[in-house]
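These notes concern the structure reproduced below.
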Amino acid sequence: MTSRVVAILGAFDAAHPLLTLTEIAERSGMALSTVHRLVAELESWRAVRRGDDGRYRVGRLIWELGRIAPDPLQEIARPWLQDLFAGTGEDVHLAVRDGTEVRYVDSVYARDVPIVPRGGRLPMHPTAAGKALLAHEPAWFVTSYLSRPLERPTPHTITEPGRLARDLAQVRLRGYATAHEEMTLGSCSAAAPVLVDGRPVAAVGVVLPSRRVRELRRLAGPLLAAAHGVAAAYRAAVAPP
C-alpha cells in the first residue's frame, strides 16, 4: 500500500505539476482503478488537490513536509561519484526512478558533453540504471511495467516481457545491470542499485562506447562498492536520532 502511494506522489515533478488520473496511472505504472481509489484518499488527506479542470497537483500537506525534509541523496553520493570517476576514468552518473522513467540527477565526466545529460529522463528498460532500479521495485510495479507497451529506441532494445523479466532476475542475482546499445547505438552501460533497507533509492552507473563493452565486467566491482558506500552513507544520514 505504502509503495503505491509513493508511486502516485512520485508521478508529479517540476515538468509534470498537473496530471489527470490517466496520466498519473501511466507515470506510476498502476491500473487506473487503483489510482482512482488512492488519489481520492490522498485528496482527503490534503496530499493532492484537484483543480477546476479535473487535473491534480501536489497538495499543501506534501508542500509543508517538503520544506522540512530535504533529500540529502545527491550531496551524500557526490564524493562516491568523484571517487568512482577518479578510480576508473569513466563517465559516471547517479539516477533515480521518476514514475516509469529513470532520471539522471548527477554525473561526473571528462568529456565536454556528457553521454547522459544531467536532468535527462529515459525509459527504464533500455538503460542499465533503469534496469538496476526496476529489478528491485515491488513485484506489482514490475508486473505493471512489463504489461505496458515498451518503447524500442534501437533494434537491440529488449521489449519482450518474458525476456526482460529474465534479464531483471539476472540483475538481482549478480547485483548490477548492463545495457548494450539498447538505448543508444554506439554506447553501453552498467549500473548498480543503491539499496536502503531493500528499497532502490538510486542507481550508480557508468557509460562506455560500445566497442569497449567487454570492460563492463571489470567495472562491476567499483560500481558495486560505490553503490554500497552511498547506501550506507544515506542510511546513516536519514536514520532517526
Seminar exercise, completed: For R37, the accessible surface traced by a 1.4 Å probe with all protein chains present amounts, in square angstrom to the nearest 10, to 120 Å²
Problem set entry | Most to least accessible of R211, R172 (protein chains only, probe 1.4 Å) | R211, R172
Exercise. On the accessible surface of the chain, probed at 1.4 Å, how many percent belong to carbon and sulfur atoms?
Worked result: 55 percent
For this session: With Rg and Dmax of the Cα atoms in Å in mind, check (i) 18.0, 55; (ii) 23.4, 94; (iii) 19.3, 64 and report the label derived from this structure.
Result: (i)
Problem set entry | Cα-centre dipole for the chain with unit charges at Cβ (Lys and Arg positive, Asp and Glu negative), debye to 20 | 340 debye
Exercise. Helix-derived [θ] at 222 nm for the chain: sum -39500 (n - 2.57) over DSSP H runs of at least 4, divide by residue count, nearest 500?
Worked result: -14000 deg cm²/dmol
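The values are calculated or read from the model by the stated rules, or taken from the named source; none is laboratory data. Everything numeric here is computed off the predicted structure, so don't read it as measured data. Cβ atoms come from the backbone with ideal geometry, glycine included; neighbour counts cover every protein chain shown. SASA here: full protein model, heavy atoms, side chains in, ligands and nucleic acids out. Shrake-Rupley method; radii C 1.70, N 1.55, O 1.52, S 1.80 Å.
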